[in-house]
Amino acid sequence: MLIDFFFELHDGKVPVSIREFLDLLGALEKRTVYADMEQFYYLSRTVLVKDEKHFDKFDRAFKKYFDGLEVMDDMFESMIPDEWLRKEIEKTLSKEEYEKLQQMGDLDKLMEEFKKRLEEQKKRHQGGNKMIGTGGTSPFGAYGQNPAGFRMAGPGRTGKAVKVWEKRQYRNLDDSVELGVRNIKMALRRLRKFTREGMPDQLDIDDTITSTARNAGYLDIKMVPERRNGVKVLLFFDVGGSMDPYVRTCEELFSATRAEFKHMEYFYFHNFIYEGVWKDNNRRWTERTDTLDILRTYSSDYRVIFVGDATMSPYEISSVGGSVEHWNEESGETWMRRVKEHFDKVIWLNPEPENTWEFTTSVSWTQKLVEDKMYPLTLKGLEESMRYLSR
């Protein structure tokens, strides 16, 4: 029973042993959980995973093995039958048809229309252009082609959804990752201002020799505090969605930054900065840090580095309620301006190729908000950005 699941976990690099797997089978035999996929998920994760840093690997292996059994957030299970979410129609639109769909209107109109169609809809729809369904041109559903709509489930394809109604689990960055490119550390070392801090625990050879000579040859040992990089850094990592392909690069940067800077704090966000950020992606809805608290806690001489592709709906930057995950009372632009006003130097590192930035409205907008201090997440970009921050 579940032997293939065990092998799937091993293939997914989850360090699970035979002993833990037998414990899971024992719990199932005693019917600790029964006929409930969600309860089985939490039971198996509790029994099999010894360290929460492996939660994301477990989630991916679990989804791969049990994919198709549950695909909806509980909030919508009572409203929309899950069979509607099956991908049954793929449709390619002409350029003229695509341009017509862009005339749908702003975010408020989409919200009003969405609520109206939920009340009207009584049956399954697929391939249509109005009701909530799959594979069509309606602004509401999944696997469709509308450029300004709500994605109800399934993976994103064009990155242009205004809202995403889907439970999302993001992973924490692992700071123990071995750097694939040692030059990342070398580039970060351009941002160095050494000071001596802490207890005097290092031998000062020059001062010891001088003091001994002045003391008629009697040994007079002099100690000094360790010499450290005194630069203070705040890192904000965009996580999830379109940033998934860049997890490895971000982990390398994260690992290098922790090694180079003693005064370094990090936080996560999704797509753009709003009223709250978080330290742990597994608890991002329950343990959040107010952005205002960050502005009050960290002095203006902290160097602020945002890491993200800045690829999103423009509403997420400009509009109240524009976030794809929650209702933000103030726009992302407002919060970015507050960050810029408080900290002396703010930059944005973008993993997307620089020659593609001009083709995405949200990237250009973000670049303007950080006063053109957006740099590609390449060795050259890191060197240029560190040179700017060190001035």
Review point. Taking helices (runs of 4 or more DSSP H) that fall entirely within region 274-391, which contain at least 2 residues that are under 25 Å from residue 255 (Cα atoms)?
Key: 291-297, 379-389
Check your understanding: Just a yes or no: is a residue in region 27-47 closer than 19 Å to residue 283 by Cα, part of a helix (DSSP H, G or I), touching a residue at least 40 places away in the same chain (Cβ under 8 Å) and basic (Lys, Arg)?
Key -> no
Review point. Just wondering, is there one or more residues in region 350-365 that are modelled with pLDDT of 95 or more, under 20 Å from the mean Cα position of the chain (by Cα) and aliphatic (A, V, I, L, M)?
Key: yes
Check your understanding: Can you tell me which residue in region 332-390 is nearest to residue 273 (Cα to Cα), limited to those that are of a type in the set (Gly, Ala, Ser) and open to solvent by less than 20 Å² (accessible area, probe 1.4 Å)?
Key -> 332
Point to revise | Spans of strands (runs of 3 or more DSSP E) in region 170-251 with at least 1 residues surrounded by 15 or more Cβ atoms within 10 Å (Cβ to Cβ) and either modelled with pLDDT of 70 or more or of a type in the set (Ser, Thr, Tyr) (or both) | key: 232-238
Exercise for review: Can you confirm whether region 35-52 contains a residue that is open to solvent by 60 Å² or more (accessible area, probe 1.4 Å), modelled with pLDDT under 80 and more than 23 Å from the chain's Cα centre (by Cα)?
Suggested key: yes
Practice item. Mind counting the residues in region 269-315 that are surrounded by fewer than 19 Cβ atoms within 10 Å (Cβ to Cβ), touching a Leu at 6+ places or on another chain (Cβ under 9 Å) and of a type in the set (Val, Ile, Thr)? Key: 0
Practice item. Take residue 56 and decide whether it is assigned to a helix (DSSP H, G or I), open to solvent by less than 40 Å² (accessible area, probe 1.4 Å), at pLDDT below 85 and not polar (S, T, N, Q). Key: yes
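For region 2-24, give me the residue count where each residue is part of a loop (DSSP other than H, G, I, E, B) and modelled with pLDDT of 85 or more.
Matching residues across region 2-24 total 6.
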Check your understanding: Residue check: is residue 97 open to solvent by 60 Å² or more (accessible area, probe 1.4 Å), more than 28 Å from residue 313 (Cα to Cα) and modelled with pLDDT under 80?
Key -> no
Review point. Of the residues 283, 288, 337, which is free of Cβ contacts under 8 Å to residues at least 40 places away in the same chain and either under 25 Å from residue 363 (Cα atoms) or more than 16 Å from the chain's Cα centre (by Cα) (or both)?
Key: 337
Exercise for review: Scan region 271-280 for residues that are under 21 Å from residue 319 (Cβ atoms) and without any contact (Cβ under 8 Å) to a residue 40 or more places away in the chain and jot them down.
Suggested key: 276
Practice item. Return yes or no: is residue 318 out of contact with any Gly (no Cβ under 6 Å at 6 or more places or on another chain) and either among the aromatic types (Phe, Trp, Tyr) or open to solvent by less than 10 Å² (accessible area, probe 1.4 Å) (or both)? Key: no
Point to revise | Residues being among the small types (Gly, Ala, Ser), under 22 Å from residue 372 (Cβ atoms) and touching a residue at least 24 places away in the same chain (Cβ under 8 Å) - total across region 291-334 | key: 5
Review point. In contact with a helix residue (DSSP H, G or I) (Cβ under 6 Å, 6 or more places away or on another chain) and at pLDDT 70 or above: does that describe residue 62?
Key: no
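The values are calculated or read from the model by the stated rules, or taken from the named source; none is laboratory data. Because the structure is a prediction, the values reported are computed rather than measured. Positions of Cβ are generated from backbone atoms using ideal geometry, with glycine treated the same way; all protein chains shown enter the neighbour counts. Surface accessibility is based on the protein's heavy atoms, side chains included, excluding ligands, DNA and RNA. Shrake-Rupley method; radii C 1.70, N 1.55, O 1.52, S 1.80 Å.
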